[in-house]
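Student: Input: one structure, supplied below.
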Amino acid sequence: MWLWITLLSSALLAQAQNTESNEFTPAVAATCKGNIMSIKINFNQGFNGIAHAREFRTPACMTQGNGTETLSFDINLMAAQGAPDYCGVFWNNRTDERSLPLAVRVHRTLELADDKFYVITCGKAGFRNARNETSLVSLRMLNEDGKKVMNAAFGMPYTLRAEISKSDGSYGIKLKNCFAFNMRNNTVELTDSKGCPVKQQSVTVKNENGAAELLIASMFRFPDSSQVNFQCEIGICKGI
């Protein structure tokens with residue numbers, strides 16, 4: 001029996017990898033209790049920018065930095081569309097998950113290349129493995145050296161890797177319905193509903209115990225955007 005989990009990863013295309021220690025790399029965490037999503041963001045330096053729900057810069061959906069390294073605010077997950085505290089939360093009526101697109105921007109008014117974008121989901125985060133532990137699934141982008149990256153160079157090879165935490169050897173993992181998209185809803189299909197590559201010459205699928213990889217031979221870009229988002233459904237099945 002398959003358990004399908006949808007995960008998303010993003011990359012900002014650049015001419016070269018950014019490895020400076022002062023790179024803007026906010027760490028976003030969220031907890032959901034009742035109808036409230038509590039978001040906490042940690043920074044590696046003082047932050048004076050803004051964090052807000054995508055497309056919503058209303059007082060209920062945003063907060064501004066004051067030079068500290070931590071930022072917190074709450075989002076009403078159940079607000080009705082048109083209400084003052086509605087922040088564009090998406091509801092999946094099949095899984096009862098609620099997701100919030102979040103932007104963390106370096107500048108309070110300008111849109112810059114270093115801005116970061118996230119999708120935070122409240123719902124079932126994992127599954128119980130054979131040892132009755134909660135296993136989570138993550139999706140990361142890796143370079144040729146196997147290191148996680150947030151910036152990608154056009155034309156270079158990269159790997160999307162989905163991995164199970166606390167793997168016990170009893171469960172396998174598979175990528176399905178992977179596609180790339182930008183904020184203008186332009187999309188490129190990478191794998192089909194069976195997990196097979198749509199373009200054999202562009203991507204390769206690799207599966208191993210507790211992990212699955214999508215190898216991108218040459219990083220591409222959309223004509224009207226420097227950001228590429230990747231989303232996949234993750235199939236988890238006992239015995240493969």
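Student: If you scan region 38-59, which residues turn out to be within 23 Å of Met78 (Cα to Cα) and either within 17 Å of the chain's Cα centre (by Cα) or in a loop (DSSP other than H, G, I, E, B) (or both)?
Tutor: Within region 38-59, Ile39, Lys40, Ile41, Ala51, His52, Ala53, Arg54, Glu55, Phe56, Arg57, Thr58 qualify.
Student: If I ask for residues that are out of contact with any Asp or Glu (no Cβ under 9 Å at 6 or more places or on another chain) and touching a residue at least 12 places away in the same chain (Cβ under 8 Å), which ones from region 110-122 would you list?
Tutor: Ala113, Asp115, Lys116, Phe117, Tyr118, Val119, Ile120
Student: Can you name the residue in region 193-219 that is surrounded by 13 or more Cβ atoms within 10 Å (Cβ to Cβ) and assigned to a loop (DSSP other than H, G, I, E, B) and is also modelled with the lowest pLDDT among such residues?
Tutor: The residue in question is Asn209.
Student: Going residue by residue through region 226-235, is there one that turns out to be part of a loop (DSSP other than H, G, I, E, B) and modelled with pLDDT of 75 or more?
Tutor: yes
Student: Are any residues in region 154-172 outside any loop (DSSP other than H, G, I, E, B), modelled with pLDDT under 80 and either under 14 Å from Glu233 (Cβ atoms) or not small (Gly, Ala, Ser) (or both), and if so, which ones?
Tutor: Ile164, Tyr171, listed by residue number.
The values are calculated or read from the model by the stated rules, or taken from the named source; none is laboratory data. Only a predicted model underlies this, so the values are computations on that prediction, with no experimental measurement involved. Backbone-built Cβ (ideal geometry, glycine too); neighbour counts: all protein chains shown.
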